[in-house]
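This report concerns only the one structure given below.
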Amino acid sequence: MSTEPQASPELLKLRNEIDSLDRQLLSLVNQRAHVAEQVGELKKQEGTAFFRPDRVAQVIEKIKSNNPGPLKGAHVAAIWREIMSACLALESPQRVAVLGPEGTFTEEAAVQYFGGAADFLYCNTFEEVFHATAAGSAQYGVVGVENSTEGVVNRTLDMFRNTPCHIVGEVSLLIRHHLLRSTNTLEGIEVVAAHPQALAQCHAWLSKHLPHAERRPVESNAEGARLAAQNPTWAGISSERAAQQFGLHIVSHAIQDDAYNRTRFAIICLPHTLATPAPTGKDCTSLVISVPNRPGAVHDLLVPLKKHGVSMTRFESRPARTGQWEYYFYIDLEGHPAQPHVAQALQELQALSAFYKVLGTYPVPA
């Protein structure tokens, strides 16, 4: 029997007002969905892309600028992204390959970009994400590129070089690693299972609090959480989303060594799925190049950038595995090839390179 006190007339009046507003909101959202279905039919006839991230960004930015409050702009943006995602699912559900199982940070990044109505294809590795996207099993893929603590994800860089997919977007996610377990205690933990990057990002905490526990690398943090749910002496390092997914306790919150730990995720697809986005004024161009192994070759790469005033935001090297001490260089540049100074710099870089490939040009998230 309920012991809830009887609501006052004033509270009942406000609740009725909220119910009335909810009905109006539901009606308007469904009206929007009907119009979205008509847009989908036109896109089918015209053969244009269903998912347009630039259009999503424009709509959300307009909504935020028109928001009078008291809702915060970020919260309004999240609401509208989900509305647009649900409407897009009526036009054409977007199939997105992510690192699985459910509950990974990669899935969280995908939800942030595509909304929760996307159809997620869960893969065991980032290599599988690339293969699924390149083969057409998924229209888009989401892969981890770089962590603010541990640096680049080397295998992802290698895959970029050998895939027909290109980068069309980016998500920067604040990473909060939690220690998850089936019982709410640190006692008796024998194994901590997580992705190698997460184990590295939590090294100091694990050394202090669980010095004798084995650190078991697995394909994803969510996989570590899944294993922890099956074994009472195991713990996983993963997200709050994974804790909910697998019914685990958060034994310790935010155990990452860096309080501002962030990971960059790239959105990839085949060029015929979505072409290079138009310039926004705040764009990044990613490329991979190699140069002949001779003195001053790397210095020569920097000359066109300085000459044309193009800023370089990332420079990574990976061995070419030829046995000749040759390297591939992964470079991020500020700007878009549609800008003349960027185009000129890229043209000169290509002339200097033994291998040259633009991995993608895409808007940089605010």
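A few points about this structure:
- Note that region 301-310 has calculated 3J(HN,Hα) couplings of 5, 7, 4, x, 5, 5, 4, 9, x, 9 Hz, one per residue in order, obtained from phi through the Karplus relation 6.51 cos²θ - 1.76 cosθ + 1.60 (θ = phi - 60°); glycine and proline are x.
- Share, in percent, of DSSP beta bridges within region 178-252 that are antiparallel, nearest 5: 45 percent
- Label zone at Ala135, where the point sits 7 Å out along the Cα-to-Cβ direction: region 96-116 residues whose backbone N lies under 17 Å: 96-100
- At most 15 other Cβ within 10 Å, DSSP loop - trypsin sites (Lys or Arg not before Pro), region 40-120: Lys72
- Over region 59-155, relative contact order from alpha-carbon pairs under 8 Å, at least 6 apart, %: 26 percent
- Among the trypsin sites (Lys or Arg not before Pro) in region 237-303, those located in a DSSP loop and surrounded by at most 12 other Cβ atoms within 10 Å of their own Cβ are Lys282.
- Working note: Karplus 6.51/-1.76/1.60 with θ = phi - 60° gives region 274-289 the couplings 8, 6, 4, x, 5, x, 10, x, 9, 10, 10, 10, 9, 8, 10, 9 Hz, where Gly and Pro are set to x.
- With all protein chains in place and a 1.4 Å probe, the accessible surface of region 283-363 carries 54 percent carbon and sulfur.
- Close amide H pairs (under 5 Å, H built 1.01 Å from N) link Ile267 with Val168, Gly169, Glu170, Val171, residues at least 5 positions away or on another chain.
- Scanning residues 5 or more positions from Gly360 or on other chains, those with amide H under 5 Å from its amide H are Ile167, Ser286, with H placed 1.01 Å from N in the peptide plane.
- Signed unit charges on C-beta, dipole axis of the chain, positive-most listed residue Leu21, Thr276, Ala254: Thr276
- Helical mean residue ellipticity (222 nm; -39500 (n - 2.57) per DSSP H run of 4+; nearest 500) of the chain: -13500 deg cm²/dmol
- Note that region 283-363 presents 51 Å² accessible area per residue, ligands and nucleic acids not counted, probe 1.4 Å.
- Label-zone membership for region 267-310, site Ala351, 7 angstrom Cα→C-beta point, backbone N under 16 Å: 300-309
- Protein accessible area in region 67-185, 1.4 Å probe - carbon and sulfur %: 54 percent
- For the chain, the share of DSSP beta bridges that are antiparallel, to the nearest 5, is 75%.
- Relative contact order for the chain, counting Cα pairs under 8 Å that sit 6 or more residues apart, in percent: 16 percent
- Share, in percent, of DSSP beta bridges within region 164-296 that are antiparallel, nearest 5: 65 percent
- Amide proton proximity set for Ala354, modelled H, under 5 Å, gap of 5+: Ser290, Val291
- A value for percent of Cα pairs over 29 Å apart was derived from the coordinates, and within the list (i) 39; (ii) 52; (iii) 36 it appears as (ii).
- A simple rule links phi to the HN-Hα coupling: the Karplus curve 6.51 cos²θ - 1.76 cosθ + 1.60 with θ = phi - 60°, which for region 236-251 gives x, 10, 7, 9, 4, 4, 5, 4, 5, 4, 9, x, 10, 7, 8, 6 Hz, with x for Gly and Pro.
- Over region 178-252, relative contact order from alpha-carbon pairs under 8 Å, at least 6 apart, %: 50 percent
- Members of Lys43/Lys72; Lys72/Lys306; Lys62/Lys357; Lys282/Lys307; Lys43/Lys282; Lys307/Lys357 lying beyond 30 Å, as alpha-carbon distances in this model show: Lys43/Lys72; Lys72/Lys306; Lys62/Lys357
- Average accessible area per residue (Å²) across region 178-252 - probe 1.4 Å, nucleic acids and ligands excluded: 45 Å²
- Charging the Cβ of each Asp and Glu at -1 and of each Lys and Arg at +1, and nothing else, the dipole of the chain about its Cα centre rounds to 580 debye.
The values are calculated or read from the model by the stated rules, or taken from the named source; none is laboratory data. Because the structure is a prediction, the values reported are computed rather than measured. Note: ideal-geometry Cβ built from the backbone for every residue, glycine included; neighbour counts use all protein chains shown. To get the accessible areas, we keep the full protein, side chains included, count just its heavy atoms, and leave off ligands, DNA and RNA. Shrake-Rupley method; radii C 1.70, N 1.55, O 1.52, S 1.80 Å.
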